[in-house]
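Only one structure is covered here, and it is reproduced in the block below.
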Amino acid sequence: MGGTNLVYEPASTPAAPSQKKRVAYFYDSDVGNYAYVAGHPMKPHRIRMTHSLIMNYGLYKKMEIYRAKPATRKEMAQFHTDEYVDFLWKVTPDNMDQFTKEQTKYNVGDDCPVFDGLFEFCGISGGGSMEGAARLNREKCDIAINWAGGLHHAKKSEASGFCYINDIVLGIIELLRYKKRVLYIDIDVHHGDGVEEAFYTTDRVMTVSFHKYGEYFPGTGELRDIGVGLGKYYAVNFPLRDGITDETYKSIFEPVIGAVMQWYQPEAVVLQCGGDSLSGDRLGCFNLSMRGHANCVGFVKSFNLPVLVLGGGGYTMRNVSRTWCYETGVLVGQNLTPTLPYCDFYEYFGPDYELDVRPSNMENLNSKEYLDKILASVIQNLERTKAVPSVQLTNVPMDHERYREEQEAAMDDHEEDTHADTRHLPRQADKRISHPMEDSDSEEEMERYIANKRNRRRHKDVDIDTPLGNSRTPGSGAITPAGKSGPASDSGAVPAITEPEEMAVDDGELADVEEDAVDKMDTDDVLTPAPPALTSNPLPTSAAATPANDDTPAAGSSAVDNIKTEASAEVDMQDADHLEVVDTPTVDVPATEKVKTDAPAPAEEAPAAKETKEEAEGETTAAKAKTPEPTEDQEKGKEAGPVEA
Ligand SMILES: [Zn+2]
């Protein structure tokens, strides 16, 4: 479609008129100083470009700007294994030769290189998302923005697709301390596999990903991947083909999200705004304009729920930065002039210096028939989540005092009877693994999910004989659905578990829809059942639920279980000290010496936490003084190189 309209039009049929929002924006001026390796498509500099546009458009007047405390190792270990986090913490370009075994194990190398300041970079990304979530929890804001976040491919103990630490999972874990149900929406061109996997077996997080599927990284995200156990129907995948336009994207996004809102009734939303779904992306293959992309943001905003807005992929920096700036405008409710203000890195935006990212004339391979069929299937599945929220409300203990008590008991190594009737503590999951499956389909589903991931790995031509396999597997909940939100399953009241045969996406016809849509070879590959050798590899069930220093890589319920673990010791901090953290400038972050090769020189100082508007203006002015040259490899065509994110 044309897509050259210059006025942002709110999406149709929002739940309610958008209200004035209190927006908290997280930015660490160090972030732009980090660089992957030369020629790598992922460029943290784009975050700095975005920030400069935001400041020069004056959007700081309508939001509060924070510099979050970087995520600590302990915080990262709420999702990731201690061993993996420690590796990221200690590995450097200088000593990486000592860690070749670990690099293989953790998939650090090609797509996810070791670079100077890697751990600090992860800390910035994770810290912003965690702080954003924490402020939403405390109702200090309505919307929190962290463009340095959204790194959706990172796994529990594995880097993937340019992502090392999954800030999204960390943010969602934070939200789950206060919110019964969290909706995750992913509009990156790639499947949001890391987040999906982390919450694949729970109904407390619904993941919804719209992505290119078929011979494309990461290879997962089939229509029929819908979650397992308690998580069944709480993972939603909308596979797409090349060239989707604003109009067609909107025609699926709004009905799907509208149905989710109606039936799932989330209490908070996390929106991953990967910019590689924009037209002309160096790695992407969609044809969204800036306005089509931002329509998703406006539509989500219109439901007036707490929203954590994150970045993600996006490899044509001038497009990503303009779009995220524009979306910041949407979130604060300010229209932006179509001509860019003067800003740092201004020359990136020539020759036209306009705000809009426009679509191209590429062909849209998503036929209406195809989209309608996928949409119908997705909606049909979503309807099955309809009754569950009320069940959850009555059965899931969300009282934090209670969490704390339970977890203290757990940490004391007392799995005592007092808890048996409220929830299943981690070690109890061990016992439950030998029980008959609550849902006989779950095992099959999980095996297929795992096989899918393993085949994907093969497809990526990475050594599958390394002990990485487990990290690809969803967590324990697959086998012990009761392990994650015990009471609900104890009650046997979760419909998803009792109605496996009616699963719409198992319908052959619907499965065909998707299979037809993807390349034959890829489909055959992906659908291959798990080889016996792999299925014999025990699911890391107990590990997923054990405390974080367990090394066994598993996701799934672990992400949820760890919330409870973490909540025990830190709930107090959450309400007291942690609050200070948000507002405390972390000016001691040692980042400038990590400046890298192809990143332009830093052009501005960080707005220290909660800076005043005057300070912000000062920064803007100061920043204008320096205008680095565009990097040599910026955004010209799709160079060979790493595959994703
Ligand atoms: Zn991506």
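Values quoted throughout were computed directly from the atomic coordinates according to the rules given, and no laboratory measurement underlies them. Worth saying up front: this structure is predicted, and the values here are computed from it rather than measured. As a convention, Cβ positions derive from the backbone with ideal geometry for all residues, glycine included, and neighbour counts pool all protein chains shown.
General remarks:
- Label-point separation in nm, residue 140 to residue 386, each point 7 Å along Cα→Cβ: 4.1 nm
- Relative to one another, the C-alpha centroids of the range 137-151 and the range 276-335 are positioned 15 Å apart.
- A Förster radius of 25 Å, combined with the Cβ-Cβ distance separating residue 38 from residue 74, puts the computed FRET efficiency at roughly 0.15.
- Using only the C-alpha atoms, the convex hull of the range 224-342 corresponds to 119 Å³ per residue.
- Using the alpha carbons alone, the radius of gyration of the range 19-80 stands to its Kirkwood radius in an Rg to Rh ratio of 1.06.
- Exposure proxy ranking, count of Cβ atoms within 10 Å, fewest first, for 73, 177, 322, 282: 73, 177, 282, 322
- Residues listed by number, the range 258-301, amide nitrogen under 19 Å from residue 354 label point at 7 Å toward C-beta: 278-281, 287-295
- Exposure proxy for 222, 447: other Cβ atoms within 10 Å of each Cβ, ordered fewest to most, give 447, 222.
- Two-site label geometry, residue 247 and residue 110: point separation in nm, points 7 Å out along Cα→Cβ: 4.0 nm
- Exposure proxy order (Cβ contacts within 10 Å, fewest to most) of 89, 147: 89, 147
- In terms of distances greater than 24 angstrom between alpha carbons, the cross-link table entries 69/301; 232/301; 90/212; 101/156; 74/156; 250/368 yield 69/301; 232/301; 90/212.
- Förster radius 56 Å - calculated FRET efficiency between residue 334 and residue 444, Cβ distance, rounded to 0.05: 0.65
- Surrounding net charge for residue 329, when Lys and Arg each add one and Asp and Glu each subtract one, Cβ distance under 11 Å: +1
- Between residue 92 and residue 361, residue separation times 0.36 nm minus the direct Cα-Cα distance comes to 92.5 nm.
- Counting Lys and Arg as +1 and Asp and Glu as -1 over every other residue whose Cβ lies under 12 Å from the Cβ of residue 165, the net charge comes to -1.
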